[in-house]
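Heads up, the thing below is written out as C-alpha cells.
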Amino acid sequence: MTAVLSAVLGGGLAVIGSTQPWLEATLRDGAHAVLPVPGTEALPLVTPLGLAALALGLAISIVGTVLRYVFGGIGVLIGVALLAESLRIAVTAPPAAVVGVVADSTGLMGVAAVETLVSSITVTAWPWITAVGALAVCAGGVLTLVSARSWQSTARRYRTDAVAETSRPRGSRPHDSHDPIDSWDDLSRGSDPTA
C-alpha cells in the first residue's frame, strides 16, 4: 500500500508542478519584463511522465505478481527520468527551456536569440518539488519490486471455488425450494436454474 501511495503522490506532484512556473526569464528591454515559464514549457515530458506515474501507481494495486514486478521496474525508470530532467532544469536553468515563452512574447525564436534577449533566468521552487515527487515515484517502484511477492492478489476475491460450488446445495438458501431470489443467485454463480 505504501508503494501505491508513493507512486500516486509522486505522480500527482509532477502533474501539479507541470502547471506551475518553473523558471522566470527577465528580458533586457527597458521595462525588464519578467516572463513566467510553466513546467510544460521548461520540460515538455513532465506531464506525460507524471500521468504515467499516476496510472502506474493505481494499476500496481490491481495486477498480479508478474505485472507488479514489471510495473515496479517501469515506475523506477519513470522516477529516474523525471528526477534527472527536473534536476537538470533546476540546476542549469538552460536558455532552451524558455525559448517558447520568449518567442510568444517577442516573436524571435531560437536559443541564440533568447540568449541575447534574456538578461537572467531564475529558477522557482517547482522543479525541486517535482524532483521530490520523482523520488517518491522511484521509491514506490523500488518498494513494489521488493515486496511484490508478499501482496495479496485482488483477483482471488472474484474467483469462484469449483469444489465449494459442487458441494453447495442447489439453492443458495438452506432449504431446497427455489424461489426467484435463488434463481438470481444461481445465475450469478453461472449456473442455469432452468436446467
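What is the Cα radius of gyration of segment 57-118 over 2.2 N^0.38 Å, N being its residue count? Don't skip to the answer; put the middle values down first.
Details: Rg = 19.0 Å, N = 62, 2.2 N^0.38 = 10.6 Å.
For segment 57-118, the normalised Cα radius of gyration is 1.80.
Working out 0.36 nm times the residue gap between VAL34 and VAL66, then minus their Cα-Cα distance, what length gain in nm do you get to one decimal?
Gain in length upon complete extension: 6.5 nm.
According to a simple spin-label model (label point 7 Å from Cα along Cα-to-Cβ), what is the distance in nm between SER105 and SER119?
Those two pseudo-labels are separated by 1.2 nm.
Which semi-axis lengths, in whole Å and largest first, follow from the square roots of five times the eigenvalues of the Cα gyration tensor of segment 8-130? Don't skip to the end; give the middle numbers.
Values: eigenvalues 244, 26, 23 Å².
Taking √(5λ) for each eigenvalue gives 35, 11, 11 Å, largest first.
Quick note: the coordinates plus some simple rules give every number you see, no bench work behind them. Values in this document were obtained by computation on a predicted structure and should not be read as measured data. Note that each Cβ is placed from the backbone with ideal geometry, even for glycine, and that neighbours are counted across all protein chains shown.
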